[in-house]
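Below is one structure; the comments refer to it alone.
No value in this document is a laboratory result; all are computed from the given coordinates. The structure displayed is predicted, hence computed values, not measured ones. We place every Cβ from the backbone using ideal geometry, glycine too, and count neighbours over all the protein chains shown.
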Amino acid sequence: MNKNKEIKNIGKLIFLHLFPGIALSIMYIFFSKVGILAGYPRVIILGFSIIFSTIPIELGYLFYVSKKEEGTFNIFIILGLKGKLKAKVFILYFLLSIIIGGILLIAVKPLENYLLKTVFSWIPSWYNFDQDLSLFSKNYIIIAILVSFFIFTLIAPIIEELYFRGFLLPRMKWMGKYSVLFNVILFSVYHFYSPWTIITKIAMMLPLCYFIYRKDSLKLGILVHCLGQFTMVVSYMTLLL
């Protein structure tokens, strides 16, 4: 990454990390209140909100920067972390990311539940997209599975990794070893629709992003992020058994 293209304005970095998440929360609140998808599981409303917020904002900004800097809409030209790992090394760090992330998730999950019941107890129940889908009909569950697979497992994670790790992280190299920590913290806070999960996300994402940064592999981040989200799909599919 050309040092002239690094983003050294802290305020701009914070804005670029958090604005898409703020927009998502606004859209989520809007769609929840206007009742467009009244009666549907809240995860579907959240997925619908993502389509009209983070996806166009993050992709749009990548297209804008690509056109401005390179004169083309090929966003992959402006991305960093495009190193190639040998298959054995890739698999090793993929497994390490999954195992370490899983262990940290189990360890921190009780704290997440505690924060939801105490620090964030003031948040209305309708704002929490995590519901017991067994209370819904089979048709609603199938729709939730489709939304979870295409939006939460494929589209959103891929675009987030392109934006946060492929674009923003390489432009923060001037921060040295703190760039990964800063990126992970802001990415976790960016999930304004579930603030009680911030610490959990930091714990899970920090090892992965460290591996991504050290091994210069955006593909590693995309694969692990997508697989992690796929657990949501699996949990919903079990309700159809």
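Using a ≥ b ≥ c from the Cα gyration tensor of region 115-241 (square roots of the eigenvalues), is it rounded, prolate or oblate, where a/c under 1.5 gives rounded and otherwise the larger of a/b and b/c decides, a/b for prolate? Let's see the in-between values first.
Details: a/c = 2.80, a/b = 1.56, b/c = 1.80.
The shape class here is oblate.
Of the candidates ILE55, ILE202, ILE103, which one comes out as most mobile in a Gaussian network treatment of the chain with C-alpha springs shorter than 10 Å?
Of ILE55, ILE202, ILE103, the Gaussian network model singles out ILE103 as fluctuating most.
Mind giving me the nanometre distance, one decimal, between the label points for TYR210 and PHE230, set 7 Å out from Cα along Cα→Cβ?
Simple spin-label model gives 2.6 nm for this pair.
In nm, to one decimal, how far is the modelled label at LEU240 from the one at HIS191, with both set 7 Å along Cα→Cβ?
2.5 nm
Tell me, what is the FRET efficiency for ILE22 and VAL119 to the nearest 0.05, using R0 = 22 angstrom and their Cβ-Cβ distance as r? Write down the numbers at each step before the final one.
On the way: r = 20 Å, r/R0 = 0.90.
After rounding, the FRET efficiency stands at 0.65.
How large is the helix-only mean residue ellipticity at 222 nm for the chain, computed as the sum of -39500 (n - 2.57) over DSSP H runs with n ≥ 4, divided by its residue count, in deg cm²/dmol to the nearest 500?
Calculated from helices alone, the mean residue ellipticity at 222 nm is -20500 deg cm²/dmol.
Over what distance in Å are the Cα centres of region 160-236 and region 1-68 separated?
15 Å
For region 72-90, list residues with backbone N below 13 Å from a point placed 7 Å from the Cα of LEU59 toward its Cβ?
Correct set: 75.
Which order do peptides 119-131, 167-179 fall in by mean Cβ count within 10 Å, highest first? Write out the running numbers ahead of the final one.
Numbers: 119-131: 12.2, 167-179: 17.5.
Taking the mean over residues of other Cβ atoms within 10 Å, the ranking is 167-179, 119-131.
Of [x] 26, 21, 18; [y] 30, 21, 18; [z] 46, 19, 13, which is the value of semi-axes √(5λ) of the Cα gyration tensor in Å derived from the coordinates here?
[y]
Length gain on complete extension for the stretch TRP174 to ASP132, per 0.36 nm per residue less the alpha carbon to alpha carbon distance?
In short, 10.6 nm is gained.
Subtracting the Cα-Cα distance from 0.36 nm times the residue separation, let me have the gained length for PHE52 to GLU69 in nm, one decimal.
Gain in length upon complete extension: 3.5 nm.
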